[in-house]
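The values are calculated or read from the model by the stated rules, or taken from the named source; none is laboratory data. What you see is a predicted model; the values in this text were computed from it and never measured. Cβ placement follows ideal geometry from the backbone for every residue including glycine, while neighbour counts extend to all protein chains displayed.
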Amino acid sequence: MDTREEETFTTKQAADTVGVHKNTILNWIRDGKIPDARRDWKGYRIWFARDIENLLRMKNKKQQLELGLWSEEQESHGGMR
């Protein structure tokens, strides 16, 4: 797939789309919970639709952990049940 034709998002736009603060995404990157986004020629992060999907999964996992609905067993099996 040609990434030049894909819709891209800034970190702020990605955060707004997912429903978290921009700093939350930056913290997830810093903590190694998600991979860093690609960068443009100016060094700004560029998020693609597939990256937004990963951010949504991370947000859902975080919410389930907070509610006690996510377990280590699910983590070892690679996902939610």
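Check the range 62-80 and report whether any residue there is modelled with pLDDT under 90, among the basic types (Lys, Arg) and surrounded by 10 or more Cβ atoms within 10 Å (Cβ to Cβ). Yes, that holds for at least one residue.
Looking across the range 1-49, the residues that are charged (D, E, K, R) and either within 20 Å of Lys61 (Cα to Cα) or buried (at least 17 other Cβ atoms within 10 Å of the Cβ) (or both) come down to Asp16, Lys22, Arg30, Asp31, Lys33, Asp36, Arg45. Identify the residue in the range 45-61 that is in a helix (DSSP H, G or I) and charged (D, E, K, R) and, among all such residues, is modelled with the lowest pLDDT. Among residues in the range 45-61 that are in a helix (DSSP H, G or I) and charged (D, E, K, R), the one modelled with the lowest pLDDT is Lys61.
Restricting to the range 10-44, name every residue that is in a helix (DSSP H, G or I) and touching a strand residue (DSSP E or B) at 6+ places or on another chain (Cβ under 8 Å).
Matches in the range 10-44: Thr11, Gln13, Ala14, Thr17.
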